[in-house]
1. Might you let me know whether region 179-200 holds any residue that is part of a strand (DSSP E or B), among the charged types (D, E, K, R) and over 28 Å from H77 (Cα atoms)?
2. Residue pairs, Cβ under 7 Å, 6 or more apart or interchain, first in region 212-234 and in contact (Cβ under 8 Å) with a residue 24 or more places away in the chain and closer than 16 Å to K260 by Cβ, second in a loop (DSSP other than H, G, I, E, B) and aliphatic (A, V, I, L, M). List them.
3. So which residues in region 52-79 are away from ligand 2 (no atom under 16 Å from the Cβ), open to solvent by 20 Å² or more (accessible area, probe 1.4 Å) and not in a loop (DSSP other than H, G, I, E, B), if there are any at all?
4. Return yes when A44 is within 16 Å of ligand 2 (Cβ to nearest atom), within 24 Å of I272 (Cα to Cα) and small (G, A, S) and no when it is not.
5. Would you confirm, using the coordinates I've provided, whether F239 is away from ligand 2 (no atom under 14 Å from the Cβ) and within 25 Å of G38 (Cα to Cα)?
6. How do the pairs read when you match residues in region 36-48 that are closer than 17 Å to I271 by Cα and touching a residue at least 40 places away in the same chain (Cβ under 8 Å) with residues anywhere that are open to solvent by 10 Å² or more (accessible area, probe 1.4 Å) and away from ligand 2 (no atom under 13 Å from the Cβ), using Cβ under 8 Å and keeping only pairs 6 or more apart or on different chains?
7. Looking at V248, V286, V236, which one is open to solvent by less than 10 Å² (accessible area, probe 1.4 Å), β-branched (V, I, T) and either in a helix (DSSP H, G or I) or in contact with a Cys (Cβ under 8 Å, 6 or more places away or on another chain) (or both)?
8. From the list F309, F270, which residue is open to solvent by 50 Å² or more (accessible area, probe 1.4 Å) and within 16 Å of ligand 2 (Cβ to nearest atom)?
Amino acid sequence: MQAAAIAFDRFKPLQDDACKSRIVAAKAALGKRAVILGHHYQRADVYQHADLTGDSLKLSKLAGQTAADYIVFCGVHFMAEVADILSKPEQVVILPDMNAGCSMADMANLAKVERAWREIGEVLDPDQTITPVTYINSAADLKAFCGEHGGIVCTSSNAKQILEWSFARREKVLFFPDQHLGRWSGYMIGIPPDEMMVWDFDEPLGGLTPEEIRKARILLWKGHCSVHQMFQVQHVLNFRSRYPEGMVIAHPECNFEVCKMSDYVGSTDFIINTIAESKPNTRWLVGTELNLVNRIAEQFKPQGKIVQFMAPTVCMCSTMARIDPQHLAWTLENLVDGKVVNRIKVPGREAELARTALKRMLEVV
Ligand code: 13P
Ligand code: SF4
């Protein structure tokens, strides 16, 4: 009989430093059989162990390219699902803590999206007139829904091009779960604000009249990111009054007014690259997650760049922070021992349809 996996309880009391040396040793023992992918929001004591880092789009592409047997995903649940869907069937994807979810992704689910589709069907034929577009921050079954209904996935770095792709096919878009990314991307392609209606999934007919649904070009799911909603116009105004020469850069999950007041808006990779390419001795106000902002503040200090966090309060992605050195050490030592813990496996048909929607996206950008 095969021995059981090592229990996490043995790792819980370990100090971070002890975990660090165990992670390094386990990685050395696994060699090329394991690759660690890390999202930019990971805490520093986990991020330092990542072999490959990136925003959601880059990490999806990397997951489809790596030859490793094990893909250990230091990110959140939907990212590990995408890695599983895009990697080869024999590759194993692991999420070190199954509780590392995304509160925004949880704001939409299949039952609610199917209900919306049915209710819209009382007003017009959605399969003829609407492209469902899901932000990659969503469960695999919602990506599968898009795959099945002629829809597509987008990320924060390609949402504008994905909307253009969608409008080239059908006249309307149902965008979920992030209303802010949908609104900003719609604005970027010139859709007037009164043709972007919020779909309140708790209300019959999304809280809209049939006339509003007929008029809308984009129906925006009433979801948001709890981290990015903390950034406010007042934070930008305070910065601009103190540092008129300073630059403001925001993630498109921030609300519309914050995005509109920013000099640049883009994904986590875009934020890092824009500041990296800026002139020395510049000052930046950054509207995205704290771990990333702290990291780049240190990284660019030697170039005289001052990088400030947009909000006065601590805004961290607490779900991503569940991936800690203890969980990473636990999963890796089990792999060294030949045991897989916390595997993410999207079921067959769902994976196939979700892959269709993801591949449509990857063909666009
Ligand atoms: P990026 O794709 O820009 O890395 O964003 C992912 C995310 O969840 C932002 O909150
Ligand atoms: Fe989800 Fe927001 Fe965390 Fe991004 S920052 S993973 S959208 S909860």
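The values are calculated or read from the model by the stated rules, or taken from the named source; none is laboratory data. Only a predicted model underlies this, so the values are computations on that prediction, with no experimental measurement involved. Backbone-built Cβ (ideal geometry, glycine too); neighbour counts: all protein chains shown. Calculation scope for accessible area: heavy atoms of the full protein, side chains included, ligands and nucleic acids excluded. Shrake-Rupley method; radii C 1.70, N 1.55, O 1.52, S 1.80 Å.
1. The answer is no, given that none of the residues of region 179-200 is part of a strand (DSSP E or B), among the charged types (D, E, K, R) and over 28 Å from H77 (Cα atoms).
2. F231/M310; F231/A311
3. Residues satisfying the conditions are L52, K61, L62, G64, Q65, Y70.
4. Answer is no for this residue.
5. Answer is no for this residue.
6. H39/T53; H40/Y47; H40/T53; H40/D269; H40/I272; H40/R295; Q42/A50
7. Going through V248, V286, V236 in turn, the sole match is V236.
8. Selected residue: F270, the only one of F309, F270 that is open to solvent by 50 Å² or more (accessible area, probe 1.4 Å) and within 16 Å of ligand 2 (Cβ to nearest atom).
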